[in-house]
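Report on one structure; see the data block that follows.
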Amino acid sequence: MKARQSGVLMHISSLPGKYGIGSFGQSAYDFVDFLVRTKQRYWQILPLGTTSYGDSPYQSFSAFAGNTHFIDLDFLVNEGLLSEEDLHGINFGDNPREVDYAKIFEARRPLLEKAVARFLETGDVDSFYRFAEENAAWLEVFAEYMAIKEHFDNLAWTEWPDEAIRRREVDRLAHYRSELSDKLVYHRVTQYLFFKQWLQLKAYANKHHIEIVGDMPIYVAADSCDVWSQPHFFKTDEVGKPTCVAGCPPDEFSATGQLWGNPIYDWEAMDRDGYVWWIDRLRESFKIYDIVRIDHFRGFESYWEVPADSETSATGKWVKGPDYKLFAAVKEALGELNIIAEDLGFMTNEVIELRERTGFPGMKILQFAFNPNDESIDSPHLAPNNSVMYTGTHDNNTVLGWYRDEIDDPTREYMAQYTNRKEYETVPHAMLRTIFASVSFMAIATMQDLLELDSSARMNYPSTIGGNWAWRMTAEELNPIIEGELYSLTKTYRRMNTDLINK
């Protein structure tokens with residue numbers, strides 16, 4: 001039996017602050033302090049990678065690089081890399097409850113360019129050079145990719161007009177490295193600043209006995225340096241375009257399924273290479289997280305493959321994945337790892353067997369538990385100890401939005417009976433109380449549900465582009481009442497972080 005613990009799901013972008021998007025700044029440290037005061041063990045976040053068209057952290061230009069939007073500007077001022085005057089009068093967005101990604105994209109780049117120039121003049125360049133050398137395996141490809149991509153007006157690499165650089169021919173690569181040397185430096189230094197600030201924040205959290213639960217998308221974006229530099233690991237044609245893409249099949253939520261568009265791995269090629277790419281990816285992930293949640297875990301057993309020219313996911317088919325061979329190779333190289341398997345969606349005995357063989361805890365989503373007429377595998381009374389219980393994920397509505405907009409009266413009545421909801425009790429509190437009372441060793445409260453917010457605070461609508469990943473919390477919302485309710489749930493259901501009880 002694993003010891004009972006709890007935590008909060010809150011992405012960095014959703015933290016409060018004055019520069020349009022959450023960052024690794026003081027509000028992040030304040031959030032760690034909030035977790036400490038409420039005796040939590042875990043802070044779960046979404047992927048920290050760069051975001052592209054659609055702003056999704058699950059569609060990144062690199063499986064290794066970080067999102068420079070999270071570099072805190074006040075900390076750069078404190079280091080002398082920016083001045084207060086540099087920040088004066090810049091519009092980062094007009095709504096403190098929502099990220100305006102277009103304004104962030106335009107406003108931050110000139111500031112980071114100033115910071116990079118001043119860093120090269122006055123900063124700790126020796127530390128930067130050490131970082132660049134230690135991370136050269138992924139950093140150089142990322143810097144090349146971004147510099148060339150910007151040179152070609154941010155086109156995806158398969159659309160670059162220079163065919164030779166699409167194929168990474170040595171002479172053309174040397175040409176662009178020389179011509180775009182300033183941009184290469186910019187991307188190297190901003191990655192240094194990103195990881196410096198993040199690792200300082202993580203060290204603060206760990207010092208205070210808070211563990212970071214990170215998130216790893218199973219797939220990478222077609223528009224990424226990973227596919228550009230190693231196309232042989234993906235199912236692509238002779239010009240690098242995917243021949244088939246990822247998604248999930250039609251179900252009760254979508255008659256056409258979900259078409260994600262990510263290229264599919266060539267698992268046979270990865271197997272011949274000993275899964276080194278995955279070993280490297282996980283090794284790097286555990287440098288920046290304490291626990292890694294792997295998204296779409298069932299795709300390792302079998303994945304839904306859709307022809308690249310399809311308009312919907314309905315034309316796809318199930319294809320066998322690497323199964324346990326991948327995790328055997330990872331275990332041999334890296335030892336036992338703290339991984340959470342996101343095992344949602346269409347489950348089969350084979351997927352369950354794979355999860356059980358790895359020993360990774362799976363996920364249970366309370367919003368899926370209430371079928372008045374049938375049993376649900378997400379019901380808390382069926383959850384094993386080796387599982388993680390959530391009210392919902394980033395792809396779900398908030399509890400209040402779900403209750404008001406997505407379920408019928410019989411489901412509401414069953415939910416009230418199951419949770420023993422009192423007349424005076426709010427729906428979000430009853431749901432949170434139920435996940436904390438469950439036998440799952442880990443209970444994760446979504447921040448929006450702690451704040452009892454409606455569907456306007458939803459993080460993502462799957463298979464839609466635009467308007468997602470934008471919700472932000474204000475500093476005033478994290479008040480003593482919210483803190484007291486989380487502390488009470490944690491204490492009542494014996495999930496107190498034992499390292500913090502006497503602190």
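Of all strands (runs of 3 or more DSSP E) completely enclosed by segment 215-304, which ones contain at least 3 residues that are hydrophobic (A, V, I, L, M, F, W, C)? Walk me through it before giving the result.
Values: elements: 244-248, 258-263, 291-294.
It comes to 244-248, 291-294.
To keep it simple, each residue is scored yes or no on (1) within 22 Å of Asp182 (Cα to Cα); (2) among the acidic types (Asp, Glu); (3) in contact (Cβ under 8 Å) with a residue 24 or more places away in the chain.
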| position | (1), (2), (3) |
| --- | --- |
| Ile21 | no, no, yes |
| Thr50 | yes, no, no |
| Gly54 | no, no, yes |
| Leu73 | yes, no, yes |
| Asn78 | no, no, no |
| His88 | no, no, no |
| Arg97 | no, no, yes |
| Ala102 | no, no, no |
| Glu106 | yes, yes, no |
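Sort out which residues of segment 367-396 are in a helix (DSSP H, G or I), farther than 16 Å from Met347 by Cα and touching a Leu at 6+ places or on another chain (Cβ under 9 Å), and write them in order of number.
Of all residues in segment 367-396, those in a helix (DSSP H, G or I) come to 367-368, 380-382.
Then drop every residue that is not farther than 16 Å from Met347 by Cα, which leaves 367, 380-381.
Result: Pro380, single match.
If you go through segment 264-278 one residue at a time, do you hit one that is touching a Cys at 6+ places or on another chain (Cβ under 9 Å), within 24 Å of Asn460 (Cα to Cα) and surrounded by fewer than 17 Cβ atoms within 10 Å (Cβ to Cβ)?
Here is the first cut: in segment 264-278, the residues touching a Cys at 6+ places or on another chain (Cβ under 9 Å) are 264.
In the following step, the residues that additionally are within 24 Å of Asn460 (Cα to Cα) were identified as 264.
From what is left, the residues that are surrounded by fewer than 17 Cβ atoms within 10 Å (Cβ to Cβ) are none.
No: zero hits.
So Ile501 clears everything in (1) open to solvent by 70 Å² or more (accessible area, probe 1.4 Å); (2) modelled with pLDDT of 95 or more except one condition, right? Which one?
Evaluating Ile501 over (1) open to solvent by 70 Å² or more (accessible area, probe 1.4 Å); (2) modelled with pLDDT of 95 or more leaves (2) as the failure.
Just the residues that are assigned to a helix (DSSP H, G or I) and of a type in the set (Val, Ile, Thr), please, taken from segment 175-214.
Initially, segment 175-214 is screened for residues assigned to a helix (DSSP H, G or I), giving 175-179, 181-207.
Across segment 175-214, the qualifying residues are Val185, Val189, Thr190.
Within the bounds of segment 294-301, is there any residue that is more than 21 Å from the chain's Cα centre (by Cα) and at negative phi?
yes
Answer yes or no: is there a residue in segment 208-227 that is hydroxyl-bearing (Ser, Thr, Tyr), buried (at least 19 other Cβ atoms within 10 Å of the Cβ) and under 13 Å from Ile71 (Cβ atoms). It would help to see each step written out before you state the result.
Initially, segment 208-227 is screened for residues hydroxyl-bearing (Ser, Thr, Tyr), giving 219, 224.
Okay, now just the ones that are also buried (at least 19 other Cβ atoms within 10 Å of the Cβ), so 219, 224.
With the extra rule that they be under 13 Å from Ile71 (Cβ atoms), the set shrinks to none.
Scanning segment 208-227 turns up no residue that is hydroxyl-bearing (Ser, Thr, Tyr), buried (at least 19 other Cβ atoms within 10 Å of the Cβ) and under 13 Å from Ile71 (Cβ atoms).
Name the one entry in Glu423, Glu406, Glu452 that is within 25 Å of Ala255 (Cα to Cα) and acidic (Asp, Glu). First the steps, then the outcome.
On the way: Glu423 fails: within 25 Å of Ala255 (Cα to Cα); Glu452 fails: within 25 Å of Ala255 (Cα to Cα).
Just one listed residue meets the conditions, Glu406.
From the list Ile435, Ile465, Ile482, Ile444, exactly one residue is among the β-branched types (Val, Ile, Thr), more than 24 Å from Ala383 (Cα to Cα) and surrounded by 13 or more Cβ atoms within 10 Å (Cβ to Cβ). Which is it? Spell out the reasoning first.
On the way: Ile435 fails: more than 24 Å from Ala383 (Cα to Cα); Ile465 fails: surrounded by 13 or more Cβ atoms within 10 Å (Cβ to Cβ); Ile444 fails: more than 24 Å from Ala383 (Cα to Cα).
On inspection, the qualifying residue turns out to be Ile482.
To keep it simple, each residue is scored yes or no on (1) surrounded by 15 or more Cβ atoms within 10 Å (Cβ to Cβ); (2) in contact (Cβ under 8 Å) with a residue 60 or more places away in the chain; (3) outside the structural domain of Ile294 (by the TED database).
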position	(1), (2), (3)
Phe370	yes, no, yes
Asp395	yes, yes, yes
Tyr424	no, no, yes
Ser456	no, no, yes
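Just to be sure before I move on: is Leu111 in contact with an Asp or Glu (Cβ under 9 Å, 6 or more places away or on another chain) and either within 23 Å of Ala203 (Cβ to Cβ) or open to solvent by 50 Å² or more (accessible area, probe 1.4 Å) (or both) in the structure I sent? Steps first, answer last, please.
Numbers: in contact with an Asp or Glu (Cβ under 9 Å, 6 or more places away or on another chain): yes; either within 23 Å of Ala203 (Cβ to Cβ) or open to solvent by 50 Å² or more (accessible area, probe 1.4 Å) (or both): no.
No.
For Glu476, are the conditions met, namely being open to solvent by 70 Å² or more (accessible area, probe 1.4 Å), under 30 Å from Asn95 (Cβ atoms) and not in a loop (DSSP other than H, G, I, E, B)?
Values: open to solvent by 70 Å² or more (accessible area, probe 1.4 Å): yes; under 30 Å from Asn95 (Cβ atoms): yes; not in a loop (DSSP other than H, G, I, E, B): yes.
In short, yes.
Which pairs do you get when a residue that is assigned by the TED database to the domain that holds Val77, found in segment 112-132, comes within reach of a residue that is among the small types (Gly, Ala, Ser) and surrounded by fewer than 18 Cβ atoms within 10 Å (Cβ to Cβ), reach meaning Cβ atoms under 8 angstrom, with the pair 6+ apart or on two chains?
These pairs meet every condition: Arg118/Gly80; Thr122/Gly80.
If Tyr186 meets every condition in (1) over 20 Å from the mean Cα position of the chain (by Cα); (2) open to solvent by 30 Å² or more (accessible area, probe 1.4 Å) apart from one, which number is that one?
Here Tyr186 clears every test but (2).
Could you check, for segment 474-483, whether at least one of its residues is assigned by the TED database to the domain that holds Asn396 and under 30 Å from Pro249 (Cα atoms)? I'd like the intermediate steps shown before the answer.
We begin by selecting, within segment 474-483, every residue assigned by the TED database to the domain that holds Asn396; these are 474-483.
Narrowing further to those that are under 30 Å from Pro249 (Cα atoms): none.
No, there is no match, as no residue in segment 474-483 is assigned by the TED database to the domain that holds Asn396 and under 30 Å from Pro249 (Cα atoms).
The values are calculated or read from the model by the stated rules, or taken from the named source; none is laboratory data. Nothing here was measured: the structure is a model prediction, and the numbers come from that model. Quick reminder, even Gly has a Cβ in these numbers, built from the backbone with ideal geometry, and neighbours come from all protein chains shown. SASA here: full protein model, heavy atoms, side chains in, ligands and nucleic acids out. Shrake-Rupley method; radii C 1.70, N 1.55, O 1.52, S 1.80 Å.
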